[in-house]
Amino acid sequence: MTAAEATPELDFPEHPAPGDRAFLGHPKGLGLLGLVEACERFSYYSMQTLLTLYMVKYLLLPGRQETVIGLGWLKAHVFPGLEGQPLASEIFGTYTALVYLTPILGGILADLLLGRRAALIAGGAIMALGHFLMAFEGAFLFALIALVVGVGLFKGNIASQVGELYRAGDPRRAMAFQIFYIFINVSVIAAPLVSGTLGEKVGWHWGFGCAGVVMVAGLVLYIAARPWLPADTRADKAAGATKPRARFLPGDGPRLVAVLVLVPIMAISLLTNQQIFNAYLVWADQQFQLTFMGETLPTSWMITIDATLSFSMLVAVAAFWAFVGKRTGKEPDELGKMILGCGFIAVGAGCLYLAAATQGTGKIGLFWPVMFHLVNSIGFAHLLPVSLALFTRLAPRALNASIVGIYYLAFFAANLAVGKIGTLFETMPTTQFWLLHMASAGVGLVGFAVFKLFFSRRLMGGEPTSAG
């Protein structure tokens, strides 16, 4: 699933614009923030889609990789003995892992030093610089560093503004996050179609350049939208508008331990999904039947298929459980849905195993890959938003915001593992490679089941007294 990460509805400060219903009955700032976030997610997923293919098919080929500043040192000291696809897999895994780590630091910088608006503008500018640096092969590693820093400053400092557009108790707030999420998903679907096609069909640098131009457009829009956006949180602090800090309550310690236990289980469950941008794309490029009526379609379009199905299944799964709940009066709790999700993810990886096992001498038709994206998307719709709800439910009030950062450590660990596992793609039989991913989903299923069986009743027998 390539849909962007769910955004928690935290306890935001109040900076509403009273009576503003200029955008579909919502404040005008919602539409502007949605467009800005769409630009950032377009540029980010353009990079995600093209990065591994660019390295495997172009940058890391002999005679060209020698021009990349610092790559020799990286190969000697960080990834010794790796070349070609395994090296590309490790670089991709490290890059995407850091993308999930730096927003924690970006939030701290915004809160303590820069302020949210300055941090976001700096992040957007540095991201755009990173995309444009991709046009220079020698600056490849510097481009990745710029993108990691830029996302860290940008990512956490825009979603928080959505909630601040509304007064406490405004019933429109929940719908606002859904609208915001639609903006994200449209851009995730569009990025492979536009930047992916440009990169694969016209030239790699055209794809990266397109991402940079869109990021600049989003940055300009954000600067122009200032009159309709919430005030910077640092302005409140300067005026002395502070809230009393929540304190730890009895029972918060076991809840925090439970969250830390769930992180590695969650990371293992994510492996199959996170591999979509890495070894899966290399396999698709080499082995999928993508030629129709004499025209070879860009491999990156597989990401658009995934993103479209991901968004559709998020809506379908939510509607299904709402229907079940209305008809029966009950539905699985968070852990029950996460266990179901792991089961679907395992079946999805099984579709890739069948695709490899039944390939024969020709190319692989798209039936089994499309079935993988469909079933995996159903599984991930049970895992992604539900797991975030579980983490925030377990969170002690004193650490409510920090728990979200801890939650994304699961994505950090998963992407590091995806890079390591991806190095096995060239040496391990493809059937075994996808069986390994089936097994990872199975391990996640067992882990969540054990947690539910032995710990969930004690920790979540009722609504936590410390939940916000």
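All of the numbers you see were taken from the coordinates with simple rules; none came from a lab. Predicted model, so just to flag it, every value in this text is computed and none were measured. Glycine also receives a Cβ, built like all others from the backbone with ideal geometry; neighbour counts cover every protein chain displayed.
Note on Lys326: lysines with a C-alpha under 22 Å away, same-chain residues under 8 apart excluded, are Lys337. Ranked by the mean number of other Cβ atoms within 10 Å of their residues, highest first, the peptides 320-330, 136-146, 370-380 come out as 370-380, 136-146, 320-330.
Once the Cβ-Cβ distance between Phe455 and Lys420 is put in as r, and R0 is 41 Å, what FRET efficiency do you end up with, to the nearest 0.05? Step by step, r from the Cβ atoms, then E = 0.90. Across region 199-208, coupling constants 3J(HN,Hα) worked out from phi with the 6.51/-1.76/1.60 Karplus curve, θ = phi - 60°, read x, 7, 9, 9, x, 3, 5, 5, x, 5 Hz, and Gly and Pro carry x.
The Cα atoms of region 333-448 define a convex hull whose projected area, averaged across directions, is 7.8 nm².
Based on the mean of other Cβ atoms within 10 Å per residue, sort peptides 211-223, 284-296 so the most packed one is first.
211-223, 284-296
Using a simple charge model, +1 on the beta-carbon of Lys and Arg, -1 on the beta-carbon of Asp and Glu, nothing else, what dipole does region 247-460 show about its Cα centre, in debye to the nearest 20? Once rounded to the nearest 20, the dipole reads 940 debye. Ranked by the mean number of other Cβ atoms within 10 Å of their residues, highest first, the peptides 45-52, 301-308 fall in the order 45-52, 301-308. For the pair Ala319 and His77, label points projected 7 Å from Cα toward Cβ lie 5.5 nm apart.
When restricted to Cα atoms, region 7-243 yields an Rg and a Dmax of 19.4, 62 Å, respectively.
A Stokes-Einstein calculation at 25 °C with viscosity 0.890 mPa s, built on the Kirkwood radius of region 247-460 over Cα pairs, returns a diffusion coefficient of 134 µm²/s.
Taking every alpha-carbon pair under 8 Å whose residues sit at least 6 apart, region 7-243 reaches a relative contact order of 35 percent.
Checking the Cα-Cα distances for Lys75/Lys363; Lys57/Lys201; Lys57/Lys363 against a 22 Å cut-off, the pairs over it are Lys75/Lys363. Could you calculate the FRET efficiency of Lys330 with Val261 from 1/(1 + (r/R0)^6), where r is the beta carbon distance between them and R0 is 25 Å, rounded to 0.05? FRET efficiency, Lys330 to Val261: 0.40. Where (i) 79, 27, 18; (ii) 38, 27, 20; (iii) 35, 28, 21 are the candidate values, the label of the one calculated here for semi-axes √(5λ) of the Cα gyration tensor in Å is (iii).
Per-residue ellipticity at 222 nm, computed for the chain from helices alone with -39500 (n - 2.57) per DSSP H run of at least four residues, works out to -22000 deg cm²/dmol.
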